[in-house]
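Undergrad: This is the structure I have questions about; it appears just below.
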Amino acid sequence: MKKLLGLFLAASLLFCQVAFADQPTTVLTELKSGKQVAIEIPVIDGANDEVFQRTANHSLRNAAEDVADKIGKRGMVTYEVTLNRPSLVSILLKGNNGGRSYFRAVNIDLTTGRDFTLDDFFFSGEEREKLLGKSTENLIFTEEGIAFSEKKGAAYTRKFSYEELIPLARIGDIGRLLTVWKLTEISHGKILTVKKGDLFAFKLNANPSTGYQWMNTVSGGPANGLNKIGSSFVIPNSQKEQVGMPGTEFQFFAAREPGTYQFKLGYQRPWEKAGAIKECSVTIVVK
């Protein structure tokens with residue numbers, strides 16, 4: 001009986017760990033009052049790594065107290081959670097002392113306990129500089145995109161949507177920041193409904209050394225409403241990376257414009273007339 005009970009408890013703990021995976025980050029509020037100032041301090045709880053959680057909370061406390069200092073330790077410091085992901089949190093601190101205001105953003109990666117930046121998710125270079133400008137400091141991540149302030153302490157008023165940044169995305173990392181709907185060949189004949197700006201990715205068995213490629217065609221909807229933004233090929237960890245080994249191909253697409261699209265993937269050799277040996281057709285509805 002004790003053995004069965006022990007197995008049951010172990011299974012229950014395992015279930016709890018699985019059930020709590022990939023959940024939004026919990027942000028609590030600690031109230032701190034001084035002689036002439038009231039401060040809301042954001043406090044993160046429930047992170048997977050307690051050491052990184054303590055580091056993050058130390059940074060948040062220091063940032064809140066710094067904002068209080070900037071408004072002369074009078075008035076009120078409040079905050080707003082602008083982005084909440086399982087391991088990424090962005091918080092905008094706002095200090096107000098009559099007509100005097102001060103803003104400070106904190107973008108925290110709970111897998112490191114440190115700040116995360118634009119470079120973690122988007123490639124730098126001429127295209128990004130043309131869109132955003134040379135300076136990428138003083139920014140905050142939000143649910144819809146990123147926002148910049150013109151100088152330290154100013155409001156974050158210069159905004160860019162993630163849709164504008166999608167062509168610059170680091171494919172291997174962007175899924176931590178943005179919603180990525182994952183699909184396999186099981187999706188054949190079915191319908192996927194997404195929002196404008198969402199990403200979706202196909203996970204496909206492939207072996208490039210055979211000459212076969214997963215090729216896609218899109219019909220319906222506005223022109224360029226669905227765009228391929230990148231792909232990668234991964235060999236399973238259990239196998240040594242050698243030429244000719246089969247693996248998994250990931251193809252990433254962006255839903256740019258509302259509409260109903262007929263999306264077709266075919267595994268074929270481009271130079272052969274025989275056509276695809278495997279196919280996957282999905283209806284993509286972009287709201």
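The values are calculated or read from the model by the stated rules, or taken from the named source; none is laboratory data. Being a predicted model, the structure only gives us computed values, none of them experimental. Positions of Cβ are generated from backbone atoms using ideal geometry, with glycine treated the same way; all protein chains shown enter the neighbour counts.
Undergrad: Select from the stretch 195-212 the residues that are farther than 30 Å from residue 84 by Cβ and crowded, with 17+ Cβ neighbours inside 10 Å and list them in ascending order.
TA: Selection gives 204, 206, 212.
Undergrad: Hey, another quick one. Of all residues being under 14 Å from residue 253 (Cβ atoms) and more than 13 Å from the chain's Cα centre (by Cα) in the stretch 158-194, which is surrounded by the fewest Cβ atoms within 10 Å (Cβ to Cβ)? Just the residue, please.
TA: By that ranking, first place goes to 182.
Undergrad: Just checking, which of 256, 176, 170, 269 is in contact with a helix residue (DSSP H, G or I) (Cβ under 7 Å, 6 or more places away or on another chain) and not small (Gly, Ala, Ser)?
TA: After ruling out the rest, the residue left standing is 256.
Undergrad: Okay, next question. How about the stretch 171-195: which of its residues are of a type outside the set (A, V, I, L, M, F, W, C), in a strand (DSSP E or B) and without any contact (Cβ under 8 Å) to a residue 40 or more places away in the chain?
TA: The one that is of a type outside the set (A, V, I, L, M, F, W, C), in a strand (DSSP E or B) and without any contact (Cβ under 8 Å) to a residue 40 or more places away in the chain: 182.
Undergrad: Looking at the stretch 196-208, is at least one residue outside the structural domain of residue 144 (by TED's automatic domain parsing), in a helix (DSSP H, G or I) and farther than 21 Å from residue 165 by Cβ?
TA: First, the residues of the stretch 196-208 that are outside the structural domain of residue 144 (by TED's automatic domain parsing): 196-208.
Then drop every residue that is not in a helix (DSSP H, G or I), which leaves 208.
Narrowing the set further to residues that are farther than 21 Å from residue 165 by Cβ leaves 208.
Yes; the residues of the stretch 196-208 include at least one that is outside the structural domain of residue 144 (by TED's automatic domain parsing), in a helix (DSSP H, G or I) and farther than 21 Å from residue 165 by Cβ.
Undergrad: Then there's this: Under 7 Å between Cβ atoms, which residue pairs at least 6 apart in sequence (or on different chains) link something in the stretch 111-129 that is closer than 28 Å to residue 49 by Cβ with a partner that is assigned to a loop (DSSP other than H, G, I, E, B) and not hydrophobic (A, V, I, L, M, F, W, C)?
TA: So the pair list comes out as 111/87; 118/136; 120/173; 121/170; 121/173; 122/170; 123/170.
Undergrad: Within the stretch 239-256, identify whether any single residue is hydroxyl-bearing (Ser, Thr, Tyr) and over 30 Å from residue 88 (Cα atoms), and answer yes or no.
TA: Scanning the stretch 239-256 turns up no residue that is hydroxyl-bearing (Ser, Thr, Tyr) and over 30 Å from residue 88 (Cα atoms).
Undergrad: To continue, here is another question. If you scan the stretch 218-253, which residues turn out to be outside any loop (DSSP other than H, G, I, E, B), of a type in the set (S, T, N, Q) and at pLDDT below 90? Write out each step before concluding.
TA: Our first condition is that a residue be outside any loop (DSSP other than H, G, I, E, B); within the stretch 218-253, this holds for 218-219, 226-234, 247-253.
Still in the list and also of a type in the set (S, T, N, Q): 219, 227, 231-232, 248, 251.
Of everything in the stretch 218-253, those that are outside any loop (DSSP other than H, G, I, E, B), of a type in the set (S, T, N, Q) and at pLDDT below 90 turn out to be 227, 231, 232, 248, 251.
Undergrad: Please count how many residues of the stretch 67-81 are closer than 15 Å to residue 27 by Cβ and surrounded by fewer than 20 Cβ atoms within 10 Å (Cβ to Cβ).
TA: Qualifying residue count, the stretch 67-81: 3.
Undergrad: Let me ask you something else. Select from the stretch 245-287 the residues that are charged (D, E, K, R), surrounded by 13 or more Cβ atoms within 10 Å (Cβ to Cβ) and out of contact with any Pro (no Cβ under 6 Å at 6 or more places or on another chain) and write down the one among them that is nearest to residue 229 (Cα to Cα). Give the derivation first.
TA: First pass over the stretch 245-287, keeping only residues charged (D, E, K, R): 249, 256-257, 264, 269, 272-273, 278-279, 287.
From what is left, the residues that are surrounded by 13 or more Cβ atoms within 10 Å (Cβ to Cβ) are 249, 256-257, 264, 269, 278-279.
Still in the list and also out of contact with any Pro (no Cβ under 6 Å at 6 or more places or on another chain): 249, 256, 264, 269, 278-279.
On the way: 249: 14, 256: 11, 264: 16, 269: 22, 278: 23, 279: 21 Å.
Checking each candidate, the answer is 256.
Undergrad: Out of (1) of a type outside the set (S, T, N, Q); (2) surrounded by 14 or more Cβ atoms within 10 Å (Cβ to Cβ); (3) outside the structural domain of residue 64 (by TED's automatic domain parsing), what's the single condition that is false for residue 140?
TA: (3)
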